[in-house]
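This report concerns only the one structure given below.
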Amino acid sequence: QVQVVESGGGLVQPGGSLRLSCVASGIIFRFATMAWYRQAPGKQRELVATITRGGSTNYADSVKGRFTISRDNAKNTMYLQMNSLKPEDTAVYYCNPKTTGGDYWGQGTQVTVSS
């Protein structure tokens, strides 16, 4: 059974930082391309960042230079370091392992950027 669990969200002031984590079990983690998505109220879910099995990364233009995606295959864990947070980063952030058996989703973790 595949389980995807995000954590690390919370309330932070503009300019602050947060680190999100995603633990994925029941998949061969080291082979999966991993992604972070986010969904703000009233908006469609959007891709934030991806990291391939080889460690190549891609970012949405809106987060380039502020967010860093990484992975630890030994811990079946992916991270998203978010710096210089802005109110428009407020959203539920979702982890998305992409495998040959399909895509999986967690329940998400809420990030709120507000003073």
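The values are calculated or read from the model by the stated rules, or taken from the named source; none is laboratory data. Note that the structure is predicted; figures quoted are calculated from it, not measured. Quick reminder, even Gly has a Cβ in these numbers, built from the backbone with ideal geometry, and neighbours come from all protein chains shown. Note: areas computed on protein heavy atoms with side chains; ligands, DNA, RNA excluded. Shrake-Rupley method; radii C 1.70, N 1.55, O 1.52, S 1.80 Å.
So which of Arg53, Arg71, Arg66 is in contact with a Ser or Thr (Cβ under 9 Å, 6 or more places away or on another chain), on the phi < 0 side of the Ramachandran plot and open to solvent by 60 Å² or more (accessible area, probe 1.4 Å)?
Of Arg53, Arg71, Arg66, the one residue that is in contact with a Ser or Thr (Cβ under 9 Å, 6 or more places away or on another chain), on the phi < 0 side of the Ramachandran plot and open to solvent by 60 Å² or more (accessible area, probe 1.4 Å) is Arg53.
With under 20 Å from Val12 (Cα atoms), free of Cβ contacts under 8 Å to residues at least 60 places away in the same chain and of a type in the set (Ser, Thr, Tyr) as the only criterion, which of Ser56, Ser70, Ser62 stands out? Working first, answer last.
Details: Ser56 fails: under 20 Å from Val12 (Cα atoms); Ser70 fails: under 20 Å from Val12 (Cα atoms).
Exactly one of Ser56, Ser70, Ser62 is under 20 Å from Val12 (Cα atoms), free of Cβ contacts under 8 Å to residues at least 60 places away in the same chain and of a type in the set (Ser, Thr, Tyr), namely Ser62.
Would you tally the residues in the range 37-94 being assigned to a strand (DSSP E or B), closer than 25 Å to Ser115 by Cα and among the polar types (S, T, N, Q)?
3
What number of residues within the range 82-115 satisfy the criterion of being surrounded by fewer than 18 Cβ atoms within 10 Å (Cβ to Cβ), within 16 Å of Leu47 (Cβ to Cβ) and touching a helix residue (DSSP H, G or I) at 6+ places or on another chain (Cβ under 7 Å)?
The total comes to 0.
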